[in-house]
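Just so you know, all these numbers are worked out from the coordinates, no wet-lab data involved. All figures in this text were calculated on a predicted structure; none of them were measured in a lab. Every residue, glycine as well, gets a Cβ built from its backbone with ideal geometry; the counts of neighbours run over all protein chains shown.
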Amino acid sequence: MIQQYPSRLLESAVQEFSKLPGIGRKTALRLVLYMLRMEHEEVSRFTESLDRLKKEVKFCRVCHNISDQDICPICSDERRDVSTICVVENIQDVMAVENTQQFNGLYHVLGGLISPMDGIGPSDLEIGSLVQRVSEGDVKEVILALSSTMEGDTTNFYIFRKLADYDVKVSIIARGIAVGNELEYTDEVTLGRSIQNRVPFEQ
């Protein structure tokens, strides 16, 4: 049954909110109605923050993490261990690993995983720039911290093969994380131990 809205403006706003991941039309309607009850200044701040985010946010030209500058605070932090790179799928995974406080190296955000079923190949990801970073010679270890899924394992193996010609240790986080789990939903203690207890990647 198609829900009838008393206002076309309301229906349009619900339609836009429901495009967000995990937001159905009922939840979208609740959010829109809540915003209608907010003060005009609050709504203006909300929409302005989204507008500025879209216009001004940058992606670090080194690791591809989100940043306000051309180089993110992690890559520009001289206290970080530049010899170790932790490879993750997305920005949420950087935040998840950082929250463990068990890793002091740098990151590399792939922007996804290899998934032929979804039409995502190696060239769609930031794998080439990872190989470029390793080829510069400062990197001694690459930690593959990807989700324990078929796509994650496929991507791990592809990267391992691409780095085979370089003098760099390739390790994988310990499988304390259940197979099939997304990294960002793993609790911090388990994820932290997985980083600490990483093992050499083997074919």
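Looking at the chain, send over the antiparallel percent of its DSSP beta bridges, to the nearest 5. Display every interim value, and only then the final one.
Numbers: 5 of 18 bridges.
Expressed as a percentage, antiparallel bridges in the chain total about 30.
Just want to confirm a number: the relative contact order over the stretch 7-71, from Cα pairs under 8 angstrom separated by 6+ residues, in percent. Show your work: numbers first, answer last.
Values: 42 pairs, mean separation 10.5, N = 65.
Relative CO of the stretch 7-71 lands at 16 percent.
Built from the Cα atoms of the stretch 30-98, the convex hull projects on average onto 6.7 nm², one quarter of its surface area.
Of the trypsin sites (Lys or Arg not before Pro) in the stretch 21-81, the ones in a loop by DSSP (not H, G, I, E or B) with at most 12 other beta carbons within 10 Å are 79. Relative contact order of the stretch 122-173, taken over Cα pairs closer than 8 Å and 6 or more residues apart, is 48 percent.
Can you give the longest stretch of the chain with no exposed loop site, where a site means GluC sites (Glu not before Pro) in a DSSP loop (not H, G, I, E or B) with at most 10 other C-beta atoms within 10 Å? Working shown, then result.
Working: sites that count: 39, 78, 136, 202.
My reading of the result: 137-201 is the longest stretch.
Between the helical axis of 40-56 and the longest alpha-carbon principal axis of the chain there is an angle of about 30 degrees. Considering only C-alpha atoms, what is the centroid distance from the stretch 80-111 to the stretch 23-61, in Å? Result: 28 Å between the Cα centres.
Report the semi-axes of the equivalent ellipsoid for the chain in whole Å, largest first, where each axis is √(5λ) for an eigenvalue λ of the Cα gyration tensor. All intermediate terms of the calculation are to be shown ahead of the outcome.
Working: eigenvalues 287, 80, 53 Å².
Computed over the chain, the values are 38, 20, 16 Å.
Legend: ranking of residues 83, 123 from fewest to most surrounding C-beta atoms inside 10 Å; resulting order 123, 83.
Can you give me the angle between helix 91-100 and the longest principal axis of the chain, using Cα atoms only, in degrees from 0 to 90, rounded to the nearest 10? Tilt of helix 91-100: around 70 degrees.
Could you tell me whether the stretch 8-56 comes out rounded, prolate or oblate from its Cα gyration tensor? Rule is a ≥ b ≥ c as square roots of the eigenvalues, rounded for a/c under 1.5, then prolate if a/b exceeds b/c, otherwise oblate. Intermediate values should be presented prior to the final figure.
Values: a/c = 2.13, a/b = 1.28, b/c = 1.66.
The shape class here is oblate.
Straight-line reach from residue 162: taking Cα to Cα under 18 Å and skipping same-chain neighbours fewer than 8 places apart, the lysines in range are 140. Take every pair of alpha-carbon atoms less than 8 Å apart whose residues are at least six positions apart; their mean separation over the length of the chain yields a relative contact order of 15 percent.
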